[in-house]
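Beneath this line is the structure, given in structure tokens, with notes to follow.
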Amino acid sequence: MQRIKSFDSGPILYLVATPIGNLKEFSPRAIEVLSSVSLIASEDTRNTLNLLNYSNIKNKLISYHEHNESTISLKLLEELKNGHSIAICSDAGYPLISDPGKTITQKAIENGFAVSVINGSSAFIPALIASNLPTQHFYFYGFLDARHSRRLKELEALKNIKDTLIFYESPHRIKETLDDLHSVFGPRNFSLARELTKIHEEYIRGTLDEVLNLDPNTLKGEMVLVVAGNSCEESYNDDKIIDELKEYLNQGITKKEAVRLVSQKLSLNKNHVYQLAMKL
Ligand code: SAM
């Protein structure tokens with residue numbers, strides 16, 4: 001067991017969150033810390049330099065990314081051992097959230113140094129809370145594999161999770177990923193949050209079958225996908241839903257009304273029940 005007070009006078013490894021678009025989200029506390037540490041390790045020094053210039057911060061920068069993480073971590077650890085506090089930041093949002101930072105954090109903790117987080121923006125929290133999907137339990141997945149077959153396998157493994165699912169995706173793969181999400185998950189509710197905190201910020205909410213009709217040229221910029229978990233559909237297999245539909249239809253109730261009644265009765269996604277009704 002290890003118990004470390006963050007501000008007990010020893011050197012600190014600060015994990016500093018930076019804005020995900022809007023520089024006004026750069027907090028006074030982040031500015032204070034980035035001004036005071038002996039060294040800032042950043043994913044892309046040019047990018048971080050822009051941020052530092054924006055807030056008139058002058059400090060030493062060192063490049064720290066997935067390809068040099070292990071070697072630079074040793075240098076950073078030396079800095080802590082010499083009694084100097086240092087900071088890690090990534091291009092946007094929190095380091096270690098689909099971004100580098102894990103190795104030095106691990107080393108600092110193993111060596112008994114304090115690790116303290118300076119809060120700021122992250123892309124998945126706003127995407128989740130404005131999604132209109134359940135927020136009590138959620139599963140942050142980050143990026144799916146770039147390879148189609150592996151992506152499908154990953155989605156199959158996630159298919160029965162009841163919690164709301166959150167994915168990061170890049171604009172050049174968004175169309176394929178939406179197709180794959182639909183093919184594995186069916187017409188679940190989803191929300192796509194695009195260009196958060198920026199001038200073109202947009203939320204697209206609906207079902208995964210609806211999104212297939214969207215013009216991919218309108219899905220530009222950075223985006224987060226939030227997809228409903230399998231909490232409802234899982235309890236009933238399709239045969240049970242079809243039996244329920246048939247029961248209403250046999251009573252002379254219209255398909256539309258039967259879909260509404262079954263969705264309500266079993267607390268199911270209406271679109272899924274509708275798709276099954278169309279097959280009858
Ligand atoms: N460390 C970041 C965080 O805490 O959110 C995530 C970095 S990850 C390399 C970049 C991905 O985050 C993008 O591909 C996108 O999925 C998401 N992202 C970052 N900024 C965003 C924004 N302004 N709007 C929507 N998504 C964003």
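A few points about this structure:
- The residues on offer are Asp163, Asp180, and the sole one that is closer than 15 Å to Val211 by Cβ and assigned by TED's automatic domain parsing to the domain that holds Tyr203 is Asp180.
- Which numbered condition Tyr168 fails, given (1) more than 16 Å from the ligand (Cβ to nearest atom); (2) at pLDDT 95 or above; (3) open to solvent by 10 Å² or more (accessible area, probe 1.4 Å): (1)
- Filtered residue count, region 1-31, keeping only those that are of a type in the set (D, E, K, R) and under 27 Å from the mean Cα position of the chain (by Cα): 3
- Cβ separations smaller than 6 Å between residues 6+ apart or across chains give the following pairs from region 1-29 residues that are polar (S, T, N, Q) to residues that are in a strand (DSSP E or B) and surrounded by 14 or more Cβ atoms within 10 Å (Cβ to Cβ): Ser6/Ala114; Ser6/Ser116; Thr18/Cys89.
- Yes/no for Val224 being in contact with a strand residue (DSSP E or B) (Cβ under 9 Å, 6 or more places away or on another chain) and either of a type outside the set (D, E, K, R) or farther than 25 Å from Ile161 by Cα (or both): yes
- Checklist (1) away from the ligand (no atom under 16 Å from the Cβ); (2) modelled with pLDDT of 95 or more; (3) not charged (D, E, K, R) applied to Pro134, failing item: (2)
- If the condition is being closer than 18 Å to Tyr94 by Cα and either of a type in the set (Phe, Trp, Tyr) or open to solvent by less than 30 Å² (accessible area, probe 1.4 Å) (or both), then region 40-59 contributes Ile40, Ala41, Ser42, Thr48, Leu51, Leu52.
The values are calculated or read from the model by the stated rules, or taken from the named source; none is laboratory data. Predicted model only: the values in this text are computed from it and were never measured. Note: ideal-geometry Cβ built from the backbone for every residue, glycine included; neighbour counts use all protein chains shown. Just so you know, the surface numbers come from the protein's heavy atoms only, side chains and all, with ligands and any DNA or RNA stripped out. Shrake-Rupley method; radii C 1.70, N 1.55, O 1.52, S 1.80 Å.
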